[in-house]
Amino acid sequence: MTAIETIRWVGDLEGRLELIDQTLLPTEFRMIECRDVGTVHEAIKTLRVRGAPAIGIAAAYGVCLGVQPLVNGDEGRFFARLEEVVGHLAGSRPTAVNLFWALERMKRAAAACRGRKSPREIAGALLAEAIAIHEEDRRICRAIGRQGAELLSDGQGVLTHCNAGGLATADYGTALAVVFAAVERGKRIHVYADETRPLLQGARLTTWELQQRGIPVTLICDSMAAQVMREGRVQATITGADRIAANGDTANKIGTYGVALAAAAHKIPFYIAAPQSSFDLALPTGEGIPIEQRDPREITHGFGCQTAPNGIDVYNPAFDVTPAGLITALICEKGVIRPVSKERIAEVLLSDR
Ligand code: MRU
């Protein structure tokens, strides 16, 4: 199965970043060009590019764009600009740890050259690092698919929430990679996609991706998930992650916690598929995960239509945290982590496989 090219770098050191503008899908497919770091910051903040791995990759290229004007300057000014650019991108969205992980890698790549190479050469090393992050994610998606495919059986209904597919990564996703890999192995899978209020990543993006690939998919409102489970339509649930704490507590799109609770009540396995870069082992539990609060207008004026009275009080957290105890297994490129415990996570992530 081929991947959607969600993110691409065009050209060399003086090149540009191109992204699918995901705010326009599914009715319009348009690539946008980013020629400066401000455009990348805006694209991340407004969810033109979204999904934890894709945010990290876009930010890495954003760093390359940010230092472009200083490649012929002196080292001091180059590194001051690098700090500024990294700080700016780090302020775009708080929850997906992949953003900070990618920015940290970029800083380390530049630091390794300090005092030994010219700003132009350091910019070259930064671009090489961004390309490496991008390429690695492609391989990781495939590995997650391989690791998870055996968890799904022929003929199953699988419920997913938000979009953890090709649009959220460099290849064919994390949660959807598991579905795609199962289908590649000849299993017939029917996906139930939660629409994912308020920004409808499930309705707009997941259904679009699955339709493109000819995988049967049924769209449901978020509030229908428990009923769909009770009716026996789904035998597994699987989502992606924005940040996984050392004990397995997992932040993902708002509504994921409710799906996990409903799955537990119906004795349906609840899986999370995510790359190692989504784990934040510095946080002992999910308590410490910063949860992004978004504009109330996403709820009151979604997609240009006012649906609540003027002046209404709104609470709009973009993510929730599912406790490790509700997660049947975590699927990462290194393997299936089960049971979901601090010890087992450390054992799999720190292994050399
Ligand atoms: O707000 P979004 O659309 O960036 O939220 C995305 C999610 O919650 C995804 O499930 C998560 O980032 C994993 S993507 C492989």
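Annotations
- Residue match in segment 79-87 (condition: among the small types (G, A, S) and under 18 Å from S278 (Cβ atoms)): no
- Of the residues examined, V179 is one that is open to solvent by less than 10 Å² (accessible area, probe 1.4 Å) and on the phi < 0 side of the Ramachandran plot.
- Residue match in segment 226-233 (condition: within 16 Å of the ligand (Cβ to nearest atom) and either surrounded by fewer than 24 Cβ atoms within 10 Å (Cβ to Cβ) or within 15 Å of E195 (Cβ to Cβ) (or both)): no
- Taking the numbered list (1) modelled with pLDDT of 95 or more; (2) away from the ligand (no atom under 13 Å from the Cβ); (3) over 30 Å from G157 (Cα atoms); (4) out of contact with any Leu (no Cβ under 9 Å at 6 or more places or on another chain) in turn, G325 passes all entries but (3).
- Test: L167 is touching a residue at least 12 places away in the same chain (Cβ under 8 Å), at positive phi and crowded, with 18+ Cβ neighbours inside 10 Å: no
- Every condition in (1) more than 10 Å from the ligand (Cβ to nearest atom); (2) under 22 Å from Y257 (Cα atoms); (3) open to solvent by less than 10 Å² (accessible area, probe 1.4 Å) is met by T196 except one, and the failing one is (1).
- Filtered residues of segment 1-51 (kept if among the small types (G, A, S), within 20 Å of V85 (Cα to Cα) and over 18 Å from the mean Cα position of the chain (by Cα)): G15, G38
Yes/no per residue for (1) among the hydrophobic types (A, V, I, L, M, F, W, C); (2) closer than 23 Å to L261 by Cα; (3) in a loop (DSSP other than H, G, I, E, B):
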position	(1), (2), (3)
G186	no, no, yes
E209	no, no, no
G214	no, no, yes
L219	yes, yes, no
M224	yes, yes, no
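- Test result for A263, outside any loop (DSSP other than H, G, I, E, B) and either more than 14 Å from the ligand (Cβ to nearest atom) or surrounded by fewer than 22 Cβ atoms within 10 Å (Cβ to Cβ) (or both): yes
The values are calculated or read from the model by the stated rules, or taken from the named source; none is laboratory data. Note that the structure is a prediction, hence the values are computed from the model and not measured. Reconstructed Cβ throughout: ideal geometry from the backbone, glycine too, with neighbour counts over all protein chains shown. Keep in mind that these areas ignore ligands, DNA and RNA; they rest on the heavy atoms of the full protein, side chains included. Shrake-Rupley method; radii C 1.70, N 1.55, O 1.52, S 1.80 Å.
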